[in-house]
Amino acid sequence: SQGEAKRLGLVGWVQNTSHGTVQGQIQGPTARVRELQEWLRKVGSPQSCISRAEFSNEKKITALEHKDFQIWK
């Protein structure tokens with residue numbers, strides 16, 4: 001997801017949870033965010049097995065809050 005997010009020019013973060021899920025935040029132009037959402041929903045990283053993807057708390061922001069896209073450990 002990090003490579004795909006960077007390819008699309010998006011910023012934010014993702015983190016694996018102890019429940020076998022992934023959580024994160026994506027910021028950037030709406031159309032590009034939608035592209036990453038579709039990629040996360042249908043493709044994902046090579047090691048992933050996607051059963052469901054939920055996106056919530058969407059809002060418009062005036063400035064990006066992150067400098068790049070990171071994987072948090």
Treating only the Cβ of Lys, Arg, Asp and Glu as charged (+1, +1, -1, -1), what charge dipole size does the chain show about its Cα centre? Round to the nearest 20 debye.
60
Assigning unit charges at the beta carbon (Lys, Arg +1; Asp, Glu -1) and nothing else, what dipole magnitude in debye, to the nearest 20, does the range 32-73 show about its Cα centre?
40
Expected vector for the range 29-43, Karplus 3J(HN,Hα) from phi with 6.51, -1.76, 1.60 and θ = phi - 60°, integer Hz, x for Gly and Pro, equals x, 3, 4, 6, 4, 4, 4, 5, 4, 5, 4, 5, 6, 10, 10
Go ahead and set up a Gaussian network model of the chain, Cα springs under 10 Å, then flag whichever of GLN47, GLN27, GLN37 fluctuates most.
GLN47
If I take every Cα pair under 8 Å that is 6 or more residues apart in the chain, average their sequence separation and divide by the length, what percent do I get for the relative contact order?
46
Given [x] 40, 25, 17; [y] 33, 23, 23; [z] 47, 19, 18 as candidate values of Cα extents along the principal axes in Å, which corresponds to the one derived from the coordinates?
[y]
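Every number here is computed from the coordinates shown, using simple stated rules; none is lab data. As the structure is a computational prediction, the values presented were derived from the model and not from experiment. Every residue, glycine as well, gets a Cβ built from its backbone with ideal geometry; the counts of neighbours run over all protein chains shown.
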